[in-house]
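Worksheet: one structure, shown below.
The values are calculated or read from the model by the stated rules, or taken from the named source; none is laboratory data. What you see is a predicted model, and the numbers here were worked out from it, not measured in a lab. Here Cβ is always computed from backbone atoms with ideal geometry, including for glycine, and neighbour counts include all displayed protein chains. SASA here: full protein model, heavy atoms, side chains in, ligands and nucleic acids out. Shrake-Rupley method; radii C 1.70, N 1.55, O 1.52, S 1.80 Å.
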Amino acid sequence: MPDVDGNGNQGTIGVIHIECRKHGGEPSEYLVSFGGTSAGVFYLAKASGFDPLTALLRKLGVPGPALRTALQVLEAEPRHKIPNMTLTQDHFRALGL
């Protein structure tokens, strides 16, 4: 794993996978996982609605342009991938993992 910030913080490069599950009149539920290019292999979190999803993706360090693209795609599609993301031990700790 590369030292991503020069402080010994090891990171893993992969893809953030977002899957939208709609439930009737309730806010959409978003399952977020991290892993390879074809499927998420590590469940990270669940968010109900766009605002909590936005906060979660910011916590994971998703850059603004990729965040905006993800939200636009998820308005029309049930799945989206954000490639080339580096998650560190700090990210996992922030999520309580």
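Based on C-alpha pairs under 8 angstrom that are at least 6 apart in sequence, the chain has a relative contact order of 32 percent. Convex hull volume of the C-alpha atoms in the chain, normalised per residue: 96 Å³. In the chain, helices alone account for a calculated mean residue ellipticity at 222 nm of -8500 deg cm²/dmol, with every DSSP H run of four or more residues adding -39,500 (n - 2.57).
Other residues with beta-carbon under 14 Å from the beta-carbon of residue 79 carry, at +1 per Lys or Arg and -1 per Asp or Glu, a net charge of -1. Of the residues 69, 54, 86, the one that moves most in a GNM of the chain with alpha-carbon contacts below 10 Å is 69.
Within 15 Å, Cβ to Cβ, of residue 95, how many net charges do the neighbouring residues add up to if Lys/Arg are +1 and Asp/Glu are -1? Neighbourhood net charge equals +3.
Springs join every pair of Cα atoms under 10 Å in this Gaussian network model of the chain, and among 76, 66, 55 the largest mean-square fluctuation is at 76.
On the chain, 52 percent of the accessible area sits on carbon and sulfur atoms, based on a 1.4 Å probe.
Expressed as an acute angle from 0 to 90° and rounded to the nearest 10, what is the orientation of the C-alpha long axis of helix 64-76 relative to the principal long axis of the chain? Taking Cα atoms only, the helix is inclined about 30 degrees.
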